[in-house]
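Trainee: Here it is: the structure, laid out below.
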Amino acid sequence: MTYSKLNLPRIPDAIAHQLETRILEGSLKPGDRLPAERELAIELGVSRPSLREAIKKLVSRELLVSRHGGGTYVTDRLEASFIDPWQQLLDQHPFLQDDVLEFRHLLEASAAELAAQRATDADLERLEQAYVRLDEAYHGEDRSAQVAADVAFHLTVAESAHNALFGHLVASVLRLLHEHVRRSLREMAVSPDTGRHLMAQHQAIRDAIVARRPDAARLAAQTHINYVRQRLSDAALSGERQQRSLRHLS
């Protein structure tokens, strides 16, 4: 009887696969620097030459970027290549804002639903921290801080869904989402009353995830986006009325 050889993966390939997994899971994010070569080799239990070969392979695939004398980083190439053309299109065609809202409605509702099912204790702790920062931001008047905290909250929800595509898709469009939230908050002219409504909506999302209520989490996320859509629509109508009044006066 003859036996075929087992096709065991080469050690550098196995290392590369493990690093890819960390990138997919989000433990290594775009822009993160890899630990020092000696430290990472000890952590993975591999030789430094095998680690170097694995890193070289991932660099050739543009998943990692080596900077001479400055270490190795997870690339943000996929994020940049996706966002740049869309950012320009959004700037030039404001009607795309509604498409962004529609996309957020679908993506964030599903992410919240999955987060309610899959969030770990560590995820819930990070979600609470994100919520507290958002609450602090809305109690202030720094619009940039409000935007950053808002985006961070929704990204935390997406990461808590523990779906590689959800986490990375939201991360990929983070800059576009950041710009959309900035536009939304600017055009909505966030008043104390609006701020209270927005915080109540974020609280509903957080509470549903913590209570492990997927349907409620989905509904809370949808309610939030619908509110933003309605407020932006009202702001647009108000702007049109002002323009008509100015033309009439002139």
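Trainee: Would you please name the residue that is least open to solvent (accessible area, probe 1.4 Å), looking only at residues in the range 189-213 that are under 21 Å from the mean Cα position of the chain (by Cα) and of a type in the set (S, T, N, Q)?
Mentor: Step by step, filter the range 189-213, then rank; the result is Q201.
Trainee: Confirm whether L78 is more than 13 Å from the chain's Cα centre (by Cα), at pLDDT below 90, part of a helix (DSSP H, G or I) and closer than 21 Å to A220 by Cα. I'd like the intermediate steps shown before the answer.
Mentor: On the way: more than 13 Å from the chain's Cα centre (by Cα): yes; at pLDDT below 90: yes; part of a helix (DSSP H, G or I): yes; closer than 21 Å to A220 by Cα: no.
For L78, the condition - more than 13 Å from the chain's Cα centre (by Cα), at pLDDT below 90, part of a helix (DSSP H, G or I) and closer than 21 Å to A220 by Cα - is not met.
Trainee: Another question, if that's okay. Starting from residues that are modelled with pLDDT under 85 and part of a helix (DSSP H, G or I), keep the ones in the range 23-63 and report whichever is least open to solvent (accessible area, probe 1.4 Å).
Mentor: If we take residues in the range 23-63 being modelled with pLDDT under 85 and part of a helix (DSSP H, G or I), then I23 is least open to solvent (accessible area, probe 1.4 Å).
Trainee: Still on this structure, I have one more. Criterion first (out of contact with any Gly (no Cβ under 7 Å at 6 or more places or on another chain), open to solvent by 30 Å² or more (accessible area, probe 1.4 Å) and among the small types (G, A, S)) does A216 satisfy it? Let's see the steps before the verdict.
Mentor: Details: out of contact with any Gly (no Cβ under 7 Å at 6 or more places or on another chain): yes; open to solvent by 30 Å² or more (accessible area, probe 1.4 Å): no; among the small types (G, A, S): yes.
Taking the combined requirement at face value, the residue does not satisfy it.
Trainee: Can you pull out the residues in the range 105-138 that are within 21 Å of R196 (Cβ to Cβ) and either of a type in the set (G, A, S) or in contact (Cβ under 8 Å) with a residue 40 or more places away in the chain (or both)?
Mentor: Once the filter is applied, which keeps residues that are within 21 Å of R196 (Cβ to Cβ) and either of a type in the set (G, A, S) or in contact (Cβ under 8 Å) with a residue 40 or more places away in the chain (or both), the range 105-138 yields E108, A112, L127, E128, A130, Y131, L134, D135, A137, Y138.
The values are calculated or read from the model by the stated rules, or taken from the named source; none is laboratory data. None of these values were measured; they are calculated from a predicted model. Cβ coordinates were reconstructed from backbone atoms using ideal geometry, including for glycine residues, and neighbour counts include every protein chain displayed. Accessible surface areas use protein heavy atoms only, side chains included; no ligands, DNA or RNA. Shrake-Rupley method; radii C 1.70, N 1.55, O 1.52, S 1.80 Å.
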